[in-house]
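J.: This is the structure I have questions about; it appears just below.
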Amino acid sequence: MQLHNLKPAAGSVKKPKRIGRGEGSGHGGTATRGNKGQQADTGYQSKRGHEGGQMPIQRRMPKRGFKNPFRVEYKVFNLGQIDHLVEKYNLTEFTPDTLYVNGLINRNDLVKVLGSGEVKTTVPIKVNAASAKAKDAISAAGGSIEIL
């Protein structure tokens, strides 16, 4: 085998379809565009989502629900998670800044502590919100919690 003998495999290379080059080509006349209508004309472009006069899907689907623009989203941590995170990341205090530095939350996230699980560490906790059960459990364990 030499370079001048190389050829592509049989049937792998096809010539492009030459449209509108006479009746003898098999693609003359209407040039594969059908007979009449908007789509047969030159310069035709269909709009995104257009379904040929059929009612579009976004108008057939019913409107549902309500998006409250005033909803406050929190990143939630349970008491059981706080112990684990303090040990794993050697946190001296549990604040949004220390959580952000360790890659646990994003810069603008709000943090809320919930009361599921038990807390044993006494590191100071400074968060944006906490449940009543979480506050009681932290105080009972000898820790301090501050709402920012």
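J.: What's the total number of residues in the stretch 17-38 that are surrounded by fewer than 11 Cβ atoms within 10 Å (Cβ to Cβ) and within 24 Å of Gly52 (Cβ to Cβ)?
T.: 5
J.: Restricting to the stretch 39-53, and then to whatever is over 38 Å from the mean Cα position of the chain (by Cα) and not aliphatic (A, V, I, L, M), can you tell me which residue is surrounded by the fewest Cβ atoms within 10 Å (Cβ to Cβ)?
T.: Thr42
J.: Is there any pair with a first residue in the stretch 28-50 that is closer than 29 Å to Arg60 by Cα and free of Cβ contacts under 8 Å to residues at least 40 places away in the same chain and a second that is aromatic (Phe, Trp, Tyr) and surrounded by 10 or more Cβ atoms within 10 Å (Cβ to Cβ) whose Cβ atoms are under 7 Å apart and which are 6 or more apart or on different chains, and what are they?
T.: From residues that are closer than 29 Å to Arg60 by Cα and free of Cβ contacts under 8 Å to residues at least 40 places away in the same chain, the pairs are Gln38/Tyr44.
J.: If you don't mind, another one. Can you report the number of residues in the stretch 98-148 which are under 13 Å from Asn78 (Cβ atoms) and of a type in the set (Ser, Thr, Tyr)?
T.: Residues flagged as under 13 Å from Asn78 (Cβ atoms) and of a type in the set (Ser, Thr, Tyr) within the stretch 98-148 amount to 2.
J.: Follow-up. Restrict the check to the stretch 54-72 and report whether at least one residue is surrounded by 10 or more Cβ atoms within 10 Å (Cβ to Cβ), in contact with a Leu (Cβ under 8 Å, 6 or more places away or on another chain) and in contact (Cβ under 8 Å) with a residue 24 or more places away in the chain.
T.: No, there is no match, as no residue in the stretch 54-72 is surrounded by 10 or more Cβ atoms within 10 Å (Cβ to Cβ), in contact with a Leu (Cβ under 8 Å, 6 or more places away or on another chain) and in contact (Cβ under 8 Å) with a residue 24 or more places away in the chain.
J.: With the checklist (1) at pLDDT below 90; (2) not in a loop (DSSP other than H, G, I, E, B) in hand, flag the one item His4 doesn't pass.
T.: Unmet for His4, out of (1) at pLDDT below 90; (2) not in a loop (DSSP other than H, G, I, E, B): (1).
J.: Based on this model, can you work out whether Gly80 counts as of a type in the set (Gly, Ala, Ser) and surrounded by 10 or more Cβ atoms within 10 Å (Cβ to Cβ)?
T.: Here the answer is yes, as Gly80 does meet what is asked.
The values are calculated or read from the model by the stated rules, or taken from the named source; none is laboratory data. Everything numeric here is computed off the predicted structure, so don't read it as measured data. Every residue, glycine among them, receives a Cβ derived from its backbone with ideal geometry; neighbour counts consider all protein chains shown.
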